[in-house]
Structures are given as structure tokens and as C-alpha cells.
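Only one structure is covered here, and it is reproduced in the block below.
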Amino acid sequence: MSAQSDVERLAAENAALQTRIQALTKENSRLKAPQTSPPLPDPSPLTAFTQVESLNNPEIARYSRQLLLPEVGVQGQLSLRNASVLVVGAGGLGSPCILYLAAMGVGKIGVIDHDTVEISNLQRQVIHSESRAGLSKARSARLAVHELNSDCHCIAYDLVFDYTVALSVAAEYDVVVDATDNVPTRYLVNDTCVLLGKPLVSASALKLDGQLTVYNYAGGPCYRCLFPVPPPPETVTNCSDGGVLGVVPGILGTLQALEVVKILTGVKAKEAPTLLLFSAFSSPTFRSIKIRGKQAHCAVCGTQPTITELQDYVAFCGSQPTDGPVHLNLLPAGDRITCADYHTLRQTGQPHLLVDVREPVQYDICRLPGSLHVPWRDFAQRVPDILAAREAVSHQPIYIICRLGNDSQEAVLHLRERGVVDAKDIVGGLLEWHQSVDPTFPAY
Amino acid sequence: MASPAPATPAPTPLKVNLEFSGGMELLFNNTKNYTIEIPATTSEHTPTLLRHLIFWIRDNLLKEKPELFISADTVRPGILVLINDTDWELEGELEYQIQNNDTVVFISTLHGG
């Protein structure tokens with residue numbers, strides 16, 4: 001290694017760091033500036049995205065490892081360079097998908113997400129970073145893309161992908177990637193793609209499992225062909241309740257980037273439609289399932305569609321376009337106790353029985369001292385245990401706690417049905433306990 | 001007294017491999033794989049179809065909450081059924097005639113990301 005090349009390397013590093021400082025300074029002043037109007041699509045890239053006839057020398061050097069593949073070659077790389085891809089959701093799936101699309105040389109990438117970066121996202125959402133916590137995910141993703149590949153024309157939309165923006169945003173792109181986390185948005189993304197005639201690369205992940213399909217492409221089905229009716233909301237588990245192993249959406253999001261490349265290079269059109277199933281701890285880990293083609297009777301992509309414009313997807317699915325926690329209200333106020341009141345009751349030493357109905361993995365994370373652990377799924381069988389424990393504290397009232405205050409209400413209702421009338425649930429559960437009583441109690 | 005021998009012997013039961021995934025296993029004692037035996041014909045002496053298998057599962061394997069598995073005489077929305085690694089829509093759905101050693105997968109669609 002010569003001194004000359006060291007100097008060059010340091011100079012390049014210095015230039016890159018200067019660019020980064022400028023970007024961060026700009027972002028910092030933007031964040032400090034008073035919020036005026038609601039955030040609109042990021043106006044920056046000053047120049048419009050333009051397509052090119054041929055690759056330039058820096059591009060040839062940069063993408064040489066791909067140019068060497070006969071399956072890609074100059075034509076394939078040029079197709080990526082001239083393509084535009086919209087990624088809906090910059091979360092666990094979107095993170096690696098966006099990064100790889102940018103790295104591989106996709107010319108224009110749109111990122112739409114209304115959420116902000118939280119530290120609990122970083123276990124799987126690897127496009128973001130600690131230093132960008134609190135920043136909009138769309139903008140954070142754009143910063144990461146520009147650090148990785150400043151040639152990529154990346155547009156950040158700090159917006160909810162809803163029916164008011166879906167068609168106008170998606171119309172600007174060749175391919176759409178569904179990297180969302182909830183049922184209504186999945187139907188919205190599907191219908192948008194069908195109405196605009198765009199291929200849709202869709203994936204989902206939860207716990208240790210993932211699923212991947214390309215919809216609305218080359219005679220294949222759309223999401224509604226496969227799932228004409230949305231699932232009952234109570235059967236849907238989200239990542240914030242069910243958990244997810246970080247690398248699982250990473251694998252599925254990376255596969256989405258691969259499917260985009262296959263579409264853009266024309267390889268995908270020759271494949272029969274499949275659903276790829278991934279299960280991290282099962283054998284085999286991957287399975288490819290042959291699926292139905294486009295369905296003639298499909299409500300949106302069939303021969304006589306009944307859906308010709310975007311719908312009210314929240315009403316259609318009976319659930320919100322978010323994967324955040326749901327707060328049920330099943331009990332009258334008199335059957336509930338606030339965390340503050342329950343705290344007072346504990347401090348004054350009033351005898352009672354505290355029942356914690358969370359899953360064992362959650363009970364292992366943290367618990368209030370002196371609680372009886374009866375997981376909600378075993379609750380019905382274990383009511384006698386609860387009643388026996390209550391007799392041991394001379395028939396004192398029962399208080400039920402869980403993580404968010406939903407299962408605890410179900411448990412109180414269940415006890416009512418079994419004739420136990422003096423049970424109450426603790427409103428908001430242990431998360432509320434952390435927020436309003438004891439900040440040192442772990443939140444998860 | 002001796003009972004009369006049946007006119008025709010009952011056909012050999014069919015062995016079927018069942019698999020529940022994507023969260024479906026939670027309804028089945030958190031067990032993903034079952035190997036079951038099901039009669040090859042129904043009480044009306046017709047061949048056992050996938051619709052009969054679904055009700056057999058409800059009656060024999062499902063412990064609680066049947067509404068999370070069955071809705072209006074078929075599987076509930078959001079469950080995809082695979083017969084030997086193929087979408088059941090390509091195999092006749094409820095009318096598919098169960099064969100010995102079939103693998104039938106019930107997979108709940110995921111929505112997280």
C-alpha cells in the first residue's frame with residue numbers, strides 16, 4: 001500500500017464525511033425549525049429523474065460484478081438504472097429492500113412511511129440508526145440511501161399511504177413493493193396496483209415466519225384473487241404483540257429486492273405464480289407453493305370488476321392501518337382501576353390478589369411482586385386455582401393485570417360469567433404502570 | 001349371538017399428513033405437524049373430500065374457538081389451504097378427494113412487516 005493511495009483514500013473519506021456533515025447539519029436545522037405545515041413529499045432531489053441511453057464509466061465500474069452476470073449484463077443493469085420502484089413502508093421489510101435496490105443501481109426509489117424511527121425498531125429496521133431516532137422513517141431511509149449510493153434518485157414521502165395519495169404517488173413508479181404491516185394497507189396497495197397496472201412485490205413477516213408473492217403480474221393473481229375476504233381482525237397478530245426475529249423480515253425484504261430485479265430484467269414474466277413460505281426454525285426453511293392464476297371473478301382484477309376506484313379499507317377490514325397496540329374498552333369504569341389507584345392500594349397494604357395473565361415469555365421479562373401468574377390462554381381451566389389463592393388471602397378482591405389492559409378485561413368478563421363479581425382490571429396494564437407509576441419498571 | 005359379517009369390508013383408512021403454520025398451530029396445541037387416519041369414505045359411502053377433512057379436524061383436533069378455523073362451512077378468510085404444496089384452488093378446493101399419504105397444509109396469512 002503506497003503513501004500515495006493512502007492519501008487518496010483519506011481524501012475520499014474526508015470528502016464523504018464532509019458530505020455527511022452537511023446532510024446532518026441540514027437535517028438538524030430542519031428538525032429544529034418550527035413545524036409549519038404538515039409534511040409533504042420531500043421536495044429535494046433538485047434535478048428530475050431522467051432515463052439514459054447507456055451506462056457511463058463510473059456506473060460500469062460500480063456495477064461491474066453485476067455486469068459480469070449474463071442474466072443481468074449491460075441491458076439488465078440499464079433496466080435497473082432507468083427503473084423506478086416505490087417501497088411502501090420503511091420498516092423491517094422495507095429496510096433491506098430499499099438498501100439493496102439502491103446498492104444494485106435502481107435509478108429512482110420512492111419511500112413512503114408516516115412513522116418515526118424508534119429504538120425498538122432497530123432490531124430489524126436496519127436502514128435506520130440510533131442517531132436518527134425520532135426522525136421520519138422515510139427521511140431516515142433517504143439519508144441512508146444517499147450515503148450508500150448518491151446517484152440514486154430517492155424521494156421520501158413522509159405521509160400515510162392512504163386512498164388520498166395512493167394513486168398519484170404510485171403512478172410515478174414502475175414497480176410497487178408492499179412492505180407494510182397491516183391488513184387494510186395491504187388491500188389498498190393491491191387495489192392501487194391493479195387500477196394502475198403495476199406489478200406488486202408483496203411480503204410479510206411475523207415471529208419466525210415469512211411469506212412472499214408477486215401479484216398482478218404476467219397473468220398471475222392479485223392479492224384479492226387469493227384473499228377475497230379480509231381475515232377477522234381478532235385473528236390478525238402484529239409484530240408489536242407477537243414479536244419478530246430481526247433477521248426474518250430482513251430475509252423477506254431482501255427477497256423482495258430480488259423479485260424487483262427479476263421483474264425489471266424480464267426474467268420473472270416466464271415464471272408460474274408462486275407463494276414462497278419461509279419458516280426460520282422449521283425444515284425445510286423455504287417452500288415454494290404453486291398458486292392460482294388471475295381469477296376471472298376477482299372483484300378488482302377480474303373480467304367484470306366491482307371495484308373500479310379505491311375504497312374505504314378501514315371499514316372493509318374492520319381494523320386500523322397501523323400495527324400499533326389496540327386499546328379495547330370492554331368494561332364499565334366501575335369494573336376497572338387505574339394504575340395510580342392500584343399503586344395507592346398496594347402502598348397502603350390493602351389485602352388483595354393480583355393475577356397476571358400475560359404469556360410466560362412476557363412474565364419472564366418483568367412482573368410486579370406478589371402476583372399469581374395465570375396466562376390468559378389457560379385462564380378458563382385455572383379459575384379454580386385463582387379462587388383457591390383468593391381464599392388464602394381471606395376472600396379479598398381480585399385485580400387482573402396484563403401488558404396493555406386488553407386481556408385483563410377479557411379475564412374480568414370471564415370471571416363475571418363464572419359468578420365472580422369482585423374482580424377488576426388494571427387500566428392500561430404494565431405499560432401504563434411504567435408510564436404513570438414507576439418509570440424504572442421495564443417497558444417492552 | 002353372533003353378529004352377521006358386513007357385506008363389504010370397510011375400506012382401509014387414509015393416512016393424511018396435516019400441517020398448521022403461520023400461527024394456525026396455536027389453535028392446535030402449538031403443534032405444527034400431525035399424521036392422522038381418516039376413513040376413506042363417509043357414512044353415506046361417498047369418497048372422503050377435503051370438506052369432510054376440515055370438519056374431521058374441527059371435531060377431532062381443535063380444542064376450542066372453532067370460529068378461528070371454520071366459517072360458513074369452509075375455512076375462515078385468511079387461511080390458505082395447500083394440497084401437496086399446491087394452492088387448493090388448483091385442486092378443486094372443498095371437492096378435492098383425499099388420497100392416501102396426502103399432505104394438507106393450513107397456513108394463516110401474515111400481515112406484519
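The values are calculated or read from the model by the stated rules, or taken from the named source; none is laboratory data. Please read these numbers as outputs of a predicted model, since none were measured by experiment. Please note: Cβ atoms are built from the backbone with ideal geometry, for glycine as well, and neighbour counts cover all protein chains shown. When the accessible area is computed, the model is the full protein with side chains, heavy atoms only, and any ligands, DNA or RNA have been set aside. Shrake-Rupley method; radii C 1.70, N 1.55, O 1.52, S 1.80 Å.
A few remarks follow.
- Of the residues making up region A:370-410, those that are among the basic types (Lys, Arg) and open to solvent by 60 Å² or more (accessible area, probe 1.4 Å) number 2.
- So A:VAL300, is it away from chain B (no Cβ under 11 Å), in a loop (DSSP other than H, G, I, E, B), touching a helix residue (DSSP H, G or I) at 6+ places or on another chain (Cβ under 6 Å) and closer than 21 Å to A:ASN182 by Cα: yes
- Residue tally, condition over 17 Å from A:ASN28 (Cβ atoms) and within 19 Å of the chain's Cα centre (by Cα), over region A:133-154: 4
- In this structure, A:PRO232 does not qualify as within 26 Å of B:GLY23 (Cβ to Cβ), of a type outside the set (Lys, Arg), within 11 Å of chain B (Cβ to nearest Cβ) and open to solvent by 50 Å² or more (accessible area, probe 1.4 Å).
- Whichever residue in region A:415-427 is buried (at least 18 other Cβ atoms within 10 Å of the Cβ) and out of contact with any helix residue (DSSP H, G or I) (no Cβ under 6 Å at 6 or more places or on another chain) and, among such residues, is nearest to A:ARG367 (Cα to Cα): A:VAL427
Per-residue answers, yes or no, for (1) touching a strand residue (DSSP E or B) at 6+ places or on another chain (Cβ under 8 Å); (2) small (Gly, Ala, Ser); (3) open to solvent by less than 10 Å² (accessible area, probe 1.4 Å); (4) not assigned by TED's automatic domain parsing to the domain that holds A:VAL244:
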{"position": "A:VAL145", "(1), (2), (3), (4)": "yes, no, yes, no"}
{"position": "A:ASP151", "(1), (2), (3), (4)": "no, no, no, no"}
{"position": "A:VAL165", "(1), (2), (3), (4)": "yes, no, no, no"}
{"position": "A:ASP174", "(1), (2), (3), (4)": "yes, no, no, no"}
{"position": "A:ASP178", "(1), (2), (3), (4)": "yes, no, yes, no"}
{"position": "A:SER204", "(1), (2), (3), (4)": "yes, yes, yes, no"}
{"position": "A:GLY210", "(1), (2), (3), (4)": "yes, yes, yes, no"}
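- Note on region A:303-325: residues that are more than 14 Å from chain B (Cβ to nearest Cβ) and assigned to a loop (DSSP other than H, G, I, E, B) total 10.
- Residue selected from region B:55-100 under the condition assigned to a loop (DSSP other than H, G, I, E, B) and of a type in the set (A, V, I, L, M), by the criterion surrounded by the most Cβ atoms within 10 Å (Cβ to Cβ): B:ILE98
- Only residues that are facing chain B (nearest Cβ under 8 Å) and either part of a helix (DSSP H, G or I) or in contact with a Phe, Trp or Tyr (Cβ under 8 Å, 6 or more places away or on another chain) (or both) were counted across region A:206-229, and they come to 4.
- Scan of region A:268-287 for residues that are more than 30 Å from A:THR306 (Cβ to Cβ) and facing chain B (nearest Cβ under 8 Å), ordered by number: A:LEU277, A:SER279, A:SER282, A:ARG287
- A:ILE155 being within 14 Å of chain B (Cβ to nearest Cβ), modelled with pLDDT of 95 or more and either under 24 Å from A:LEU264 (Cα atoms) or open to solvent by 10 Å² or more (accessible area, probe 1.4 Å) (or both): no
- If only residues of region A:363-400 that are small (Gly, Ala, Ser) and part of a loop (DSSP other than H, G, I, E, B) are counted, the one that is nearest to the chain's Cα centre (by Cα) is A:SER371.
Each row is one residue, and each column tells you yes or no for (1) within 14 Å of another protein chain (Cβ to nearest Cβ); (2) out of contact with any helix residue (DSSP H, G or I) (no Cβ under 7 Å at 6 or more places or on another chain); (3) open to solvent by less than 30 Å² (accessible area, probe 1.4 Å).
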residue: A:ASN121; (1), (2), (3): yes, yes, yes
residue: A:GLN125; (1), (2), (3): yes, no, yes
residue: A:PHE161; (1), (2), (3): yes, no, yes
residue: A:ASP191; (1), (2), (3): no, yes, yes
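- The number of residues in region A:236-267 that are facing another protein chain (nearest Cβ under 9 Å), part of a helix (DSSP H, G or I) and buried (at least 20 other Cβ atoms within 10 Å of the Cβ) comes to 4.
- Only listed residue being touching a residue at least 24 places away in the same chain (Cβ under 8 Å), under 27 Å from A:SER204 (Cα atoms) and either away from chain A (no Cβ under 13 Å) or in contact with a His (Cβ under 9 Å, 6 or more places away or on another chain) (or both), chosen from B:LEU80, B:LEU62, B:LEU110, B:LEU49: B:LEU62
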